[in-house]
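The next block holds one structure in the form of structure tokens; read it before the comments.
The values are calculated or read from the model by the stated rules, or taken from the named source; none is laboratory data. This one's a predicted model, so the numbers in the text were calculated from it and none came from an experiment. Here the Cβ positions follow ideal geometry from the backbone for every residue, glycine too, while neighbour counts run over all protein chains shown. Protein only, heavy atoms only, side chains kept; ligands, DNA and RNA dropped before computing areas. Shrake-Rupley method; radii C 1.70, N 1.55, O 1.52, S 1.80 Å.
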Amino acid sequence: MNQTFEFKTESKRLLDLMIHSIYTNKEIFLRELISNASDAIDKYHFLSLSQEEIQTQEKYEIVVETNEKKRVITISDNGIGMTYEEINDSLGTIAKSGTLEFLEKLKKENKNDLQTIGQFGVGFYSAFMVAKKVEVDTKSPYSKEAYRFSSTGEDTYQIEEIKKEGVGT
Ligand code: ADP
Ligand code: MG
């Protein structure tokens, strides 16, 4: 008898282990989320130079806001955003880096002049070190709809359709 099985994982435990072995300071989540915002803006800008359907933005910005009363920190960008598939691929698959994939694609096209920070595919999850709940509202220029990913960092996440002005996350 010769069968192949897939390992079962407890994603919450795996996330905890991974995050705590990589990060010693909880505050690092802010750097990771700002890095992702910056990566997303780089991607948008890069694609706007080569694809006509992606309009150049007048102003690229990353905004960090806090609401002490509601205990919410919001990091927003007007970068490339994510389609429904990309949410599942990038946020729903632990240790899968959309940025690494993006760089590999560029390498194949011999256009590897873009320096992007992300490539480990775990930075996003550092948000769960400090947050009970993480929500990602996002709109891609390649998608008509906008979506919200939400998770408490346990074994599931939800995606719902939302209304959102402009592309970005
Ligand atoms: P990395 O940045 O190393 O690729 P992360 O865990 O930080 O890994 O993020 C995973 C992926 O999620 C990114 O590669 C990207 O594809 C997607 N992502 C995260 N944040 C954003 C964002 N603000 N805008 C667009 N895509 C994002
Ligand atoms: Mg990152």
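Some points to look at:
- Residue list for region 71-96, restricted to those being farther than 19 Å from Phe29 by Cα, in contact (Cβ under 8 Å) with a residue 24 or more places away in the chain and among the acidic types (Asp, Glu): Glu86
- Flag if Arg71 is within 20 Å of Asp137 (Cα to Cα) and exposed (fewer than 10 other Cβ atoms within 10 Å of the Cβ): yes
- Residues satisfying the stated conditions in region 1-44, i.e. under 30 Å from Val63 (Cα atoms), acidic (Asp, Glu) and at pLDDT 80 or above: Glu27, Glu32, Asp39, Asp42
Table: residues versus (1) touching a strand residue (DSSP E or B) at 6+ places or on another chain (Cβ under 6 Å); (2) in a loop (DSSP other than H, G, I, E, B); (3) modelled with pLDDT under 95; (4) of a type outside the set (Phe, Trp, Tyr).
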residue	(1), (2), (3), (4)
Ala127	yes, no, yes, yes
Lys132	no, yes, yes, yes
Asp137	yes, no, no, yes
Tyr142	no, yes, no, no
Lys164	yes, yes, no, yes
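- Scanning region 145-169 for residues that are in contact (Cβ under 8 Å) with a residue 60 or more places away in the chain and surrounded by fewer than 16 Cβ atoms within 10 Å (Cβ to Cβ) yields Glu145, Glu154, Asp155, Gly166.
- Residues of region 1-43 that are open to solvent by 30 Å² or more (accessible area, probe 1.4 Å), among the β-branched types (Val, Ile, Thr) and not in a loop (DSSP other than H, G, I, E, B): Ile22, Ile28, Ile34.
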